[in-house]
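Everything below concerns the one structure shown next.
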Amino acid sequence: MIQVDETLAASELHRVVEEVVRQTPVFDIHTHLYPPAFGGLCLWGIDELVNYHYLIAELFRSSSVTPQEFWAQSKSRQADLIWDALFVKNSPLSEAAAGVVTVMIKLGLDPCRPDLKQAREYFASLTVEQYTDRVLEIANVSDLVMTNDPFNPTEKAAWKSHKDCPERFHRALRMDPILNDWEVAHAAMAAEGFKTHLQLSPQISDEARRFLDHWIARLSPVYLAVSLPYTFKYPDDSTCTRLIQEVVIPTCREHRIPFAMMIGVSRQVNPALRDAGDSLGYADLGSVERLCAENPDVRFLVTVLSRENQHALCVAARKFSNLMPFGCWWFLNNPSIVEEITAERLELLGSTAILQHSDARILDQLIYKWAHARRAISRVLAESYSRLMADGYPLSRKQIERDVERMFSGNFRRWAGLPVSTGR
């Protein structure tokens, strides 16, 4: 029999699980956030929050406003249109709308007002530096990982000017054009003085690796990342496969950096919606298994966009110890689906997955995305522990704290080679 101190009573379980999940700091391993020093790249405040692309898509379902009319307006006017349609004339039932309500209530603002005057006055009274600290405290986020794109001219300029990046804002080197649009990537590299060409050769692959080495030296990223379409196949005779084999995998191996793949996007099914116009598709996860099998010394972080791919990802992770599933990405970040995927991962992988990331694009979103995720995760964990206790397994608060810390922070820290807290 396992010796356990301070064994919990069954009647205490749900309260203790909810409390531990709420109080445990999280390492948010995938966001699109930037620190205040990055100026316009750091998005925050009520107009940004209400103009989230999920809510923009919902506006067109809930009003007669057309995309053409919407994009012609100023950002504040766009926010007014969304607020009126989704929060005044309708109840905010969708996850994205409910998230705005959560943020406002946590900040002491009234989400039932007919306009955004109160909220705008509140944010006008703050500096972004003050607000950043407050959001991270409310969300109980100890660290986060940015998405850093050297092919984005604005961000590239920011890094070249040596913008300050706080220790808790970790970097991830995003390389989508390299694998998804080599024509664009090689032209951008060539403009920076790298001797690349549209036609691949060993020399061109070496130059692409030198480009990645350059940005790894500048960013010290915790992983290399790419968002891949649902049609992604590996291996095949594509440029993408060659670049993975000749550039990405050798770079990850040399620098001992994980390769993060976010698989399942279907881009711009409705271009009129701009960022809101992307969709998803079912992917072949045999490609992930083949990558893991060919490269047992490389660590892979993988999340998938299709709900139907989740079971295959869990099964693949059972077969390959160099594969780490993470988060409920994009359209999966809804409480009902988060609960389903979390339960599936616990049942197949125990505490060895990374349950969630926020994917936040606006600073304020950390508040609601983690508040809602913690509620969903608490319910699933409590049910899992309940089954153990019903079978006679003694359980303590310390065990729950250990498990939650591992899934909220420790698993990623170990995967990325970062220091692991020894507090629990």
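The values are calculated or read from the model by the stated rules, or taken from the named source; none is laboratory data. Remember, predicted model here, so these are calculated numbers, not experimental data. Because the Cβ atoms are built from the backbone with ideal geometry, glycine has one as well, and the counts that use them run over all protein chains shown.
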### Message
Give me the residue from region 192-239 that is of a type in the set (Val, Ile, Thr) and closer than 29 Å to LEU305 by Cα and, out of that set, farthest from the chain's Cα centre (by Cα).
### Response
THR239
### Message
Which of the numbered conditions does ARG210 fail, given that it passes all the others? Conditions: (1) surrounded by fewer than 17 Cβ atoms within 10 Å (Cβ to Cβ); (2) at pLDDT below 95.
### Response
(2)
### Message
Here are the criteria: (1) surrounded by fewer than 18 Cβ atoms within 10 Å (Cβ to Cβ); (2) at pLDDT 95 or above; (3) part of a loop (DSSP other than H, G, I, E, B). Tell me which single one SER358 does not satisfy.
### Response
(1)
### Task
Name the residue, out of PRO114, PRO92, PRO150, that is surrounded by fewer than 14 Cβ atoms within 10 Å (Cβ to Cβ), assigned to a loop (DSSP other than H, G, I, E, B) and either at pLDDT 95 or above or within 25 Å of the chain's Cα centre (by Cα) (or both).
PRO114
#### Entry: Check on GLU308, surrounded by fewer than 22 Cβ atoms within 10 Å (Cβ to Cβ), touching a helix residue (DSSP H, G or I) at 6+ places or on another chain (Cβ under 6 Å) and assigned by TED's automatic domain parsing to the domain that holds THR231
no
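Yes/no matrix, rows are residues, columns are (1) under 26 Å from VAL26 (Cβ atoms); (2) touching a residue at least 24 places away in the same chain (Cβ under 8 Å):
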{"residue": "LEU173", "(1), (2)": "yes, yes"}
{"residue": "PRO177", "(1), (2)": "no, yes"}
{"residue": "VAL184", "(1), (2)": "no, yes"}
{"residue": "ALA187", "(1), (2)": "no, no"}
{"residue": "PRO202", "(1), (2)": "no, yes"}
{"residue": "ASP213", "(1), (2)": "no, yes"}
### Message
Please pick out the residue among SER409, SER378, SER384 that is out of contact with any helix residue (DSSP H, G or I) (no Cβ under 9 Å at 6 or more places or on another chain) and part of a helix (DSSP H, G or I).
### Response
SER409
### Task
Looking for whichever is more than 28 Å from LEU418 (Cα to Cα), assigned by TED's automatic domain parsing to the domain that holds LEU273 and not β-branched (Val, Ile, Thr) here; the options are TRP44, TRP71. Which one fits?
TRP44
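The rows are residues; the columns are (1) touching an Asp or Glu at 6+ places or on another chain (Cβ under 8 Å); (2) acidic (Asp, Glu); (3) part of a helix (DSSP H, G or I).
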site: ASP164; (1), (2), (3): no, yes, no
site: HIS186; (1), (2), (3): no, no, yes
site: MET189; (1), (2), (3): yes, no, yes
site: HIS197; (1), (2), (3): no, no, no
site: LEU200; (1), (2), (3): yes, no, no
### Message
Tell me whether region 182-191 contains one or more residues that are within 23 Å of the chain's Cα centre (by Cα) and of a type outside the set (D, E, K, R).
### Response
no
### Query
List pairs: first in region 4-29 and closer than 15 Å to GLN399 by Cβ, second part of a loop (DSSP other than H, G, I, E, B), Cβ under 7 Å, 6+ apart or cross-chain?
VAL4/PRO394; VAL4/LEU395; THR7/PRO394; THR7/LEU395; LEU8/LEU395; VAL16/LEU8
#### Entry: All positions within region 99-111 that are exposed (fewer than 11 other Cβ atoms within 10 Å of the Cβ) and either among the hydroxyl-bearing types (Ser, Thr, Tyr) or not assigned by TED's automatic domain parsing to the domain that holds GLN78 (or both)
none
### Query
Inside region 326-341, can you point out the residues that are buried (at least 23 other Cβ atoms within 10 Å of the Cβ) and over 12 Å from the mean Cα position of the chain (by Cα)?
VAL338, ILE341
### Query
Do we find a residue being charged (D, E, K, R), closer than 30 Å to TRP159 by Cβ and not assigned by TED's automatic domain parsing to the domain that holds LEU93 anywhere in region 28-36?
yes
